[in-house]
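Here the structure comes first, spelled out in structure tokens, and everything after it is commentary.
The values are calculated or read from the model by the stated rules, or taken from the named source; none is laboratory data. Owing to the predicted nature of the structure, the values given are computational and were not obtained by experimental measurement. Cβ sites come from the backbone with ideal geometry, for glycine too, and all protein chains shown count toward neighbours. Areas reflect the complete protein model, heavy atoms only, side chains present, ligands, DNA and RNA absent. Shrake-Rupley method; radii C 1.70, N 1.55, O 1.52, S 1.80 Å.
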Amino acid sequence: MAIATIDPTTGKTLKTFEAHSPEEVEQRIAAADAAYRELAGTTFAQRAEWMHRAADILEAEAGDVARMITTEMGKTVATAKYEALKSATGMRHFADHAERYLTPELPVEASAVNASALSVRFDPIGVVLAVMPWNYPLWQAVRFAAPALMAGNTGLLKHASNVPQSALYLGELFARGGFPEGAFQTLLIEGADVAPLLDDRRIRAATLTGSVAAGASVAAAAGRNVKKTVLELGGTDVFIVLPSADVQKAAELAVNARVQNSGQSCIAAKRYFVHEDVYETFTDQFVAGMSATTTGDPLAADTTFGPLATERGRQDVHELVEDAKSKGATVLCGGEVPAGAGWFYPATVLADVTPDMRIYREECFGPVASLHKVASIDEAIERSNDSDFGLSSSVWTTDDEEIARLGREIDAGGVFVNGLTASFPGVPFGGVKDSGFGRELSAHGIREFTNVKTVWQA
Ligand code: NAP
């Protein structure tokens, strides 16, 4: 994929970028390695000061950064600004909490293992490669960068080829805050050139957020080199509504759950399982809400959501809808590619979706909801778990026993009750099955790229 900013609202190429040459890549790896040795000798307090300063810069520039994001991948400028500010908050979180998350632990009394002293330390491991997607161009990268740098690691960012300006901005942000040159840099390279980097002994681990295919490719290269990976991949998250729920509120938020970021969110709800007792009420309100959304200029204040990020992405979404239609799905709203420039797609609801349709199992990365009627909580759980993915879920009920059961039995990395799935800096984020492994954010995330080291003393 060419490295370029192509405005999804017009389809016009605004700026193209040369990929870094092998020599330029080598220089950056060497700089990251050197910066690691420098960073490893700094204190948490020093790194926190730099991190807060970088967050100050990002907050001060949030308006310009938001317009850059909107131009590169099409989300509304309001949500882009929210993303920039959320990223700054995430940076401050790790500045303030990294030391506590990484405080050495005493797993058992020293005497229990015949020691006079014992501790478990969380030491940095070196240069970590981060392969990131375009859908939240800042937040996805920051939620890796902030904990990694605070732990004392250095990072190399290979960002998606359609967000090069966001990538270059991030490649300078942390040095502008005060981190050593080389502590966090952008590599302008294409996806196909990533796997060989794992052969380099200076790169100690990798994290990838993106598709299953890309994740499997990076994990295979890392595995050959006995290096650790964290993978945050796709999702077909469920939105379950049971009879005791506040159906009106559920239907209202169900719209945002599906159209946020033009439907291009790994944790967006994609499969809706609604109990038959409330199916009609929910469906009427949900379809009305989806139909009332407006898609258009992402710089305009009254636009609900902008275009999809790429032409290919819109084609993939529409192919899933066409496949479902051809096999008998009912289109309750949307479902047609609008005329005109830009990669727009309307909020779409499909009913009568059956297992032979691709959309029943595949991730749909656009604003298309599949609606299913279920007869019981058992059916809702069973059908939710009948998926190759297991990222998160949003469940709606006020019955305590049902809440406990859903929390226990939904096979996913998250269960959000009476609210939408979201990522918070202090809460672990990640999935099971094809949604990946390892966790980002919280103490769990920052510890992923540390050497959990036992120090035992006779
Ligand atoms: P993608 O094609 O996998 O791209 C993601 C990143 O991987 C990009 O930087 C891409 O670079 C790179 N890449 C692509 N092929 C590669 C390969 N063979 N080896 C190494 N790197 C490779 O993903 P996408 O389809 O654009 O993004 C959407 C996907 O990301 C969805 O499945 C979504 O659910 C997932 N996602 C997951 C999370 C999460 O936290 N779980 C969050 C957001 C998105 P190029 O751009 O140069 O190809």
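Worth a mention:
- Residue within the stretch 255-268 that is in contact with a Lys or Arg (Cβ under 7 Å, 6 or more places away or on another chain) and over 25 Å from ILE69 (Cα atoms) present: no
- Count of the stretch 401-447 residues, restricted to those that are within 30 Å of SER217 (Cα to Cα) and not aromatic (Phe, Trp, Tyr), is 30.
- Filter pass, LEU308 being touching a residue at least 60 places away in the same chain (Cβ under 8 Å), surrounded by fewer than 17 Cβ atoms within 10 Å (Cβ to Cβ) and outside any helix (DSSP H, G or I): no
- Strands (runs of 3 or more DSSP E) fully within the stretch 99-201 that include at least 3 residues being away from the ligand (no atom under 16 Å from the Cβ) and touching a helix residue (DSSP H, G or I) at 6+ places or on another chain (Cβ under 6 Å): 117-124.
- Within the stretch 262-273, the presence of a residue that is open to solvent by less than 30 Å² (accessible area, probe 1.4 Å), among the β-branched types (Val, Ile, Thr) and over 30 Å from THR13 (Cα atoms) is excluded.
- Every condition in (1) β-branched (Val, Ile, Thr); (2) within 24 Å of GLY177 (Cα to Cα); (3) without any contact (Cβ under 8 Å) to a residue 40 or more places away in the chain is met by ILE125 except one, and the failing one is (3).
- Test for GLU105: is it of a type in the set (Asp, Glu) and either in contact with a strand residue (DSSP E or B) (Cβ under 7 Å, 6 or more places away or on another chain) or buried (at least 24 other Cβ atoms within 10 Å of the Cβ) (or both): yes
- The set of residues in the stretch 222-240 being open to solvent by less than 10 Å² (accessible area, probe 1.4 Å), outside any strand (DSSP E or B) and near the ligand (Cβ under 8 Å from one of its atoms) consists of GLY234, GLY235.
- Residue match in the stretch 119-126 (condition: within 30 Å of GLN457 (Cα to Cα) and surrounded by 24 or more Cβ atoms within 10 Å (Cβ to Cβ)): no
- Scanning the stretch 337-378 for residues that are in contact (Cβ under 8 Å) with a residue 60 or more places away in the chain and surrounded by fewer than 20 Cβ atoms within 10 Å (Cβ to Cβ) yields ALA341, ALA351, ARG361, GLU362, LYS373, ALA375, SER376.
- Test: GLY334 is open to solvent by 20 Å² or more (accessible area, probe 1.4 Å), free of Cβ contacts under 8 Å to residues at least 40 places away in the same chain and on the phi > 0 side of the Ramachandran plot: no
- Output for the stretch 423-438, where each listed residue is in contact with a Phe, Trp or Tyr (Cβ under 8 Å, 6 or more places away or on another chain), closer than 19 Å to THR89 by Cα and within 12 Å of the ligand (Cβ to nearest atom): SER423
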